[in-house]
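Undergrad: Quick one: the structure is below, questions incoming.
The values are calculated or read from the model by the stated rules, or taken from the named source; none is laboratory data. Because the structure is predicted, anything quoted here is derived from the model rather than measured. All Cβ positions, even for glycine, are placed from backbone atoms using ideal geometry, and neighbour counts span all protein chains on display. Accessible surface is based on the protein model in full, side chains and every heavy atom, while ligands, DNA and RNA are left aside. Shrake-Rupley method; radii C 1.70, N 1.55, O 1.52, S 1.80 Å.
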Amino acid sequence: MSSTIKRILFIGAGRMAQAIISGLKNQSDFQISVTNNGNDQRLNYVRDTFDVEVIESWREEIETTDVVVLAMPPEVHDSLLNELAKFIDKHLIVTVAAGIGPTYLEESLPDGTPVAWMMPNTAAQVGQSMTLYTCGKHTDSSHEELLQKMLSGIGSYEKVTEEQIHELTPITGSAPAFIYKMAEALVNNAVDSGISEQQARKLVSEMIGGAASMLKNGESPKELAEQVASPGGVTAAGLKVFDENNFESLINNAIKACHQRAEK
Ligand SMILES: NC(=O)C1=CN([C@@H]2O[C@H](COP(=O)(O)OP(=O)(O)OC[C@H]3O[C@@H](n4cnc5c(N)ncnc54)[C@H](OP(=O)(O)O)[C@@H]3O)[C@@H](O)[C@H]2O)C=CC1
Ligand SMILES: O=C(O)[C@@H]1CCC=N1
């Protein structure tokens, strides 16, 4: 991979594509084009919001593209890859889809095609995705550097194995939704106390941000929870309800359900 400005073609223009494009759009290293499955309204929204080029079909730009990012549902990869395979010539093919690792991509694309799998989350939109990635058999250091440059534009990243991305997709990809569910319940409770929705969201988001900073500081979640729960105090009473209702097994079951869905 030689020239400095790389052309990235997104196939898929939905929530994840938009979150990534939003994180990348200020980077002058990339020229972004986007296509989708025919939803013109969505494509126009993407063009107007992110100031990127949109095209009706990926075929229009495949020859001049360096990187193809597949940001579409796992189920449609098979047919798209079959079609894409006919046009592949040194492109780096990256998918963000749950359950679609390099092994799957390599089986569907011409031998020697460089492929990678990234598992971001929607915080890419604000440059704070925790993204996992792994590379296929035919990537070299220039592919990986390019991938890392993209990933640093949307937050932090960690290289793990293909098997680990399968295992960890619920933790970094899906669990933001678990946190938002908890936030929703806390906001609703806060509003019930008479403050405005806006105040409630500020309280909850600052509280979650503070808790995240404490976690980043190095102490374990267990230690941090113990610091909050004064002996015999109000938090301990709340945590007892968590224990009585098997909070940890609820989370384990949710993660298991994510895995079962990804395997389908
Ligand atoms: N949402 C998230 O938090 C995360 C999602 N992912 C992965 O990202 C991928 C997309 O998810 P998400 O953005 O949430 O989904 P969305 O439903 O928001 O977007 C899906 C996009 O894929 C397009 N699409 C569907 N079929 C085709 C096709 N045959 N050819 C071209 N484009 C197609 C749709 O086109 P159209 O606009 O025309 O409808 C749409 O733009 C999934 O594989 C998911 O596993 C990974 C990590 C996190
Ligand atoms: O819900 C999904 O399928 C995607 C994958 C991880 C997060 N969102």
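Undergrad: Enumerate the pairs (first residue in the stretch 216-231 and in the same structural domain as Glu248 (by TED's automatic domain parsing) and among the hydrophobic types (A, V, I, L, M, F, W, C); second residue anywhere and at pLDDT 95 or above and open to solvent by 70 Å² or more (accessible area, probe 1.4 Å)) with beta-carbon separation below 7 Å, excluding pairs fewer than 6 apart on the same chain, so at least 6 apart or on different chains.
TA: Between residues of the stretch 216-231 that are in the same structural domain as Glu248 (by TED's automatic domain parsing) and among the hydrophobic types (A, V, I, L, M, F, W, C) and residues that are at pLDDT 95 or above and open to solvent by 70 Å² or more (accessible area, probe 1.4 Å), the close pairs are Leu224/Met214; Leu224/Leu215.
Undergrad: Identify the residue in the stretch 215-227 that is among the polar types (S, T, N, Q) and under 27 Å from the mean Cα position of the chain (by Cα) and, among all such residues, is least open to solvent (accessible area, probe 1.4 Å). Please lay out each step first, then the result.
TA: Of the residues in the stretch 215-227, the ones among the polar types (S, T, N, Q) are 217, 220, 227.
The next check asks that each one be under 27 Å from the mean Cα position of the chain (by Cα); those that pass are 217, 220.
Details: Asn217: 126, Ser220: 44 Å².
The qualifying residue least open to solvent (accessible area, probe 1.4 Å) is Ser220.
Undergrad: Identify the single condition in (1) among the hydrophobic types (A, V, I, L, M, F, W, C); (2) within 15 Å of ligand 1 (Cβ to nearest atom); (3) over 22 Å from Thr4 (Cβ atoms) that Leu109 does not satisfy, given that it satisfies every other one.
TA: Looking at each condition in turn, Leu109 falls short on (2).
Undergrad: Then there's this: Tell me the residue from Asn39, Asn44 that is touching a residue at least 24 places away in the same chain (Cβ under 8 Å), out of contact with any Ser or Thr (no Cβ under 9 Å at 6 or more places or on another chain) and polar (S, T, N, Q), please. Talk me through it step by step, then tell me what you get.
TA: Values: Asn44 fails: touching a residue at least 24 places away in the same chain (Cβ under 8 Å).
Checking each option against the conditions leaves just Asn39.
Undergrad: Kindly indicate whether Gln199 is assigned to a helix (DSSP H, G or I), more than 16 Å from ligand 2 (Cβ to nearest atom) and either open to solvent by less than 80 Å² (accessible area, probe 1.4 Å) or not acidic (Asp, Glu) (or both). Steps first, please.
TA: Working: assigned to a helix (DSSP H, G or I): yes; more than 16 Å from ligand 2 (Cβ to nearest atom): yes; either open to solvent by less than 80 Å² (accessible area, probe 1.4 Å) or not acidic (Asp, Glu) (or both): yes.
Taking the combined requirement at face value, the residue satisfies it.
To keep it simple, each residue is scored yes or no on (1) away from ligand 2 (no atom under 16 Å from the Cβ); (2) outside any strand (DSSP E or B); (3) open to solvent by less than 50 Å² (accessible area, probe 1.4 Å).
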{"position": "Arg7", "(1), (2), (3)": "yes, no, no"}
{"position": "Gln18", "(1), (2), (3)": "no, yes, yes"}
{"position": "Ser22", "(1), (2), (3)": "yes, yes, yes"}
{"position": "Ile32", "(1), (2), (3)": "yes, no, yes"}
{"position": "Gln41", "(1), (2), (3)": "yes, yes, no"}
{"position": "Tyr45", "(1), (2), (3)": "yes, yes, no"}
{"position": "Glu63", "(1), (2), (3)": "yes, yes, no"}
{"position": "Val69", "(1), (2), (3)": "no, no, yes"}
{"position": "Met72", "(1), (2), (3)": "no, yes, yes"}
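Undergrad: A further question on this structure: Of the conditions (1) part of a helix (DSSP H, G or I); (2) away from ligand 2 (no atom under 16 Å from the Cβ), Lys256 fails just one. Which one is it?
TA: Here Lys256 meets the rest and fails (2).
Undergrad: Please name all residue pairs, on different chains or six or more residues apart, with Cβ atoms under 8 Å, provided the first residue is in the stretch 123-144 and is farther than 25 Å from Ala19 by Cα and the second residue is open to solvent by 30 Å² or more (accessible area, probe 1.4 Å).
TA: Lys137/Glu106; His138/Glu106; His138/Gly112
Undergrad: Also, I was wondering about something else. Just one of Leu92, Leu80 is modelled with pLDDT of 95 or more, near ligand 1 (Cβ under 10 Å from one of its atoms) and at negative phi; which is it?
TA: Values: Leu92 fails: near ligand 1 (Cβ under 10 Å from one of its atoms).
Answer to the check: Leu80.
Undergrad: Answer yes or no as to whether Ala177 is at pLDDT 95 or above, of a type in the set (A, V, I, L, M, F, W, C) and under 28 Å from Asn252 (Cα atoms).
TA: yes
Undergrad: Among the residues of the stretch 207-214, are any open to solvent by 100 Å² or more (accessible area, probe 1.4 Å), part of a helix (DSSP H, G or I) and either closer than 30 Å to Glu167 by Cβ or without any contact (Cβ under 8 Å) to a residue 60 or more places away in the chain (or both)? Even if it seems obvious, please write down each step before you answer.
TA: The first filter runs over the stretch 207-214 and keeps only residues open to solvent by 100 Å² or more (accessible area, probe 1.4 Å), leaving none.
No.
Undergrad: Please verify whether Val94 is open to solvent by less than 20 Å² (accessible area, probe 1.4 Å) and over 18 Å from Met119 (Cβ atoms), treating the condition exactly as stated. Steps first, please.
TA: On the way: open to solvent by less than 20 Å² (accessible area, probe 1.4 Å): yes; over 18 Å from Met119 (Cβ atoms): no.
No: the conditions fail for Val94.
Undergrad: Another question about this same structure. Please determine, by comparing only the residues of the stretch 163-175 that are of a type outside the set (A, V, I, L, M, F, W, C) and buried (at least 16 other Cβ atoms within 10 Å of the Cβ), which one is farthest from the chain's Cα centre (by Cα). If you could, list the steps in order and put the result at the bottom.
TA: Step one: filter the stretch 163-175 for residues of a type outside the set (A, V, I, L, M, F, W, C), giving 163-164, 166-167, 169-170, 172-174.
Going one step further and asking which of them are buried (at least 16 other Cβ atoms within 10 Å of the Cβ), we end up with 166, 169-170, 172-174.
On the way: His166: 13, Thr169: 9, Pro170: 11, Thr172: 7, Gly173: 5, Ser174: 8 Å.
Selected residue: His166.
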